[in-house]
1. Of GLU329, GLU363, GLU324, which residue is over 18 Å from ILE286 (Cα atoms) and acidic (Asp, Glu)?
2. Among the residues of the range 16-26, which ones are touching a helix residue (DSSP H, G or I) at 6+ places or on another chain (Cβ under 8 Å) and open to solvent by 10 Å² or more (accessible area, probe 1.4 Å)?
3. Scan the range 211-231 for residues that are open to solvent by less than 30 Å² (accessible area, probe 1.4 Å) and more than 16 Å from the ligand (Cβ to nearest atom) and jot them down.
4. How about the range 23-39: which of its residues are in a loop (DSSP other than H, G, I, E, B) and within 13 Å of GLN88 (Cβ to Cβ)?
5. Look through LEU138, LEU190, LEU158 and report the one residue that is open to solvent by less than 60 Å² (accessible area, probe 1.4 Å) and within 25 Å of ASP13 (Cβ to Cβ).
6. Failed condition for ILE117, given (1) open to solvent by 30 Å² or more (accessible area, probe 1.4 Å); (2) in a strand (DSSP E or B), with all others met?
7. How many residues are open to solvent by less than 50 Å² (accessible area, probe 1.4 Å), within 21 Å of the chain's Cα centre (by Cα) and not small (Gly, Ala, Ser) when one looks only at the range 35-67?
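The values are calculated or read from the model by the stated rules, or taken from the named source; none is laboratory data. Here the structure is a predicted model, which means the values were calculated and not measured. When we count neighbours, we look across all protein chains shown, and the Cβ atoms used for this are built from the backbone with ideal geometry, even at glycine. Areas reflect the complete protein model, heavy atoms only, side chains present, ligands, DNA and RNA absent. Shrake-Rupley method; radii C 1.70, N 1.55, O 1.52, S 1.80 Å.
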Amino acid sequence: MENTIVNSWNEWDPLKHVIVGRADGSMVQAPELAVQRDWPNHGFPLNTYGELPKEMEIKANEQIDNFIKILELRGIRVDRPTPINFNQTVETPDWKQDSMVGCMPPRDVLLTIGNEILEATMSYRSRWHEYLCYRPLLEKYFKEDPNFRWEAAPKPRLDDHSYKKDFMETWNALNKEERIERAIKADWILTEAEPLFDAASITRFGKDIFMEHSTVTNLAGLNWLKRHFPNHRVHKALMVDETEWPVHMDATWVPLRPGLVLANRVRPPIEKSMIDLYEKNDWEIIQCAKPAHDKPAILSHCSEWLSMNCIVLDTKTICVNADETAQMEQLYKLGFEVIPIDFYDVSAFGGGLHCVTADVYREGTCEDYFPKQIEGF
Ligand code: NVA
């Protein structure tokens, strides 16, 4: 048996063991209430779906494999999920969905807090079954680490009550000002019928956890997480971008080391209390560099802000997409050893270097980095 320890409290302590996803069999998912892809120029107009082209998958997997070699050379243990056939209809008693998505981004599904790995509810029907890809690993860790707490948030119904009726039509009819107003209220497609969240809506700072109220995470999800981690302070983050729907926090608000957070320059926190909390505790918030690309990669549902989707190996070492020279330079000037990783071709499979990983073990303990709290936040 391997000597497995599940333990990770934040995004920057020395990384020793990580899950890295796979591009295999990933899909442009079939349309569902929560999401409809529409990429007519690249073979997937509205209401169509299917596997991403094989040549793209091969390139993405090559880049992922090279990234893994770099991690392993640094003594980091890497485990991989077991893909299933994502190109199949899945169902529950409430609904049928014509395809799944893939297992490139374990970060979206698995949340590690201390000795616990929590499977998120997810909020797309196409992602309801994704946890199955990680079960072989979680079962193994459960056997190998007697202290591993294996948890799963309540499996959601995701029936029609979980989505606001006619959200898309209403949204499409709004003008820019109305959209911003709605975004500020986080009035997105999810209702509050049941707790819903993706694990990547959460960023970990030891005792403090920030969870973004977004298109994939509702307030019931936030409340569920608060009750589930009563020894933590779970804060609601609201970040608004005029052009994008908020999906996950790891291209928006990225902690680099204690006292330093990288902020997306077009997605500022709406609530002043969030900034106040950081300032009161002497954290520096720096604006990220400009991305190398001005639009998302082909067939990617992620934005060009994957430029800041970095993975911190320890407080002095960070992996950054090799295209992002300005971002690398900024981090280098901040004192990091920057490891450039070719990763652009992975974008279409669901994200960047942070998305493709999920922590199993970082050294360190749960620390309080925000001893001075803000009342009501
Ligand atoms: N969907 C967000 C987060 C990706 C990690 C974005 O594209 O910016």
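1. Working: GLU329 fails: over 18 Å from ILE286 (Cα atoms); GLU324 fails: over 18 Å from ILE286 (Cα atoms).
GLU363 is the lone residue from the list that is over 18 Å from ILE286 (Cα atoms) and acidic (Asp, Glu).
2. So in the range 16-26, the residues touching a helix residue (DSSP H, G or I) at 6+ places or on another chain (Cβ under 8 Å) come out as 18-26.
Correct list: ARG22, ASP24, GLY25.
3. Step one: list which residues in the range 211-231 are open to solvent by less than 30 Å² (accessible area, probe 1.4 Å), which gives 211-218, 220-222, 225, 229.
ASN218, ALA220, GLY221, LEU222, LEU225, PHE229, listed by residue number.
4. Step one: list which residues in the range 23-39 are in a loop (DSSP other than H, G, I, E, B), which gives 23-26, 29-38.
Within the range 23-39, GLY25, GLN29, ALA30 qualify.
5. None of the other options fit; the residue is LEU138.
6. (1)
7. Number satisfying all stated conditions: 8.
Residue-by-condition table, conditions (1) exposed (fewer than 15 other Cβ atoms within 10 Å of the Cβ); (2) in contact with a Phe, Trp or Tyr (Cβ under 7 Å, 6 or more places away or on another chain):
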{"residue": "LYS69", "(1), (2)": "yes, no"}
{"residue": "GLU72", "(1), (2)": "yes, no"}
{"residue": "ARG77", "(1), (2)": "no, no"}
{"residue": "ILE84", "(1), (2)": "no, no"}
{"residue": "PRO93", "(1), (2)": "yes, no"}
{"residue": "LYS96", "(1), (2)": "yes, no"}
{"residue": "PRO106", "(1), (2)": "no, yes"}
{"residue": "LEU111", "(1), (2)": "no, no"}
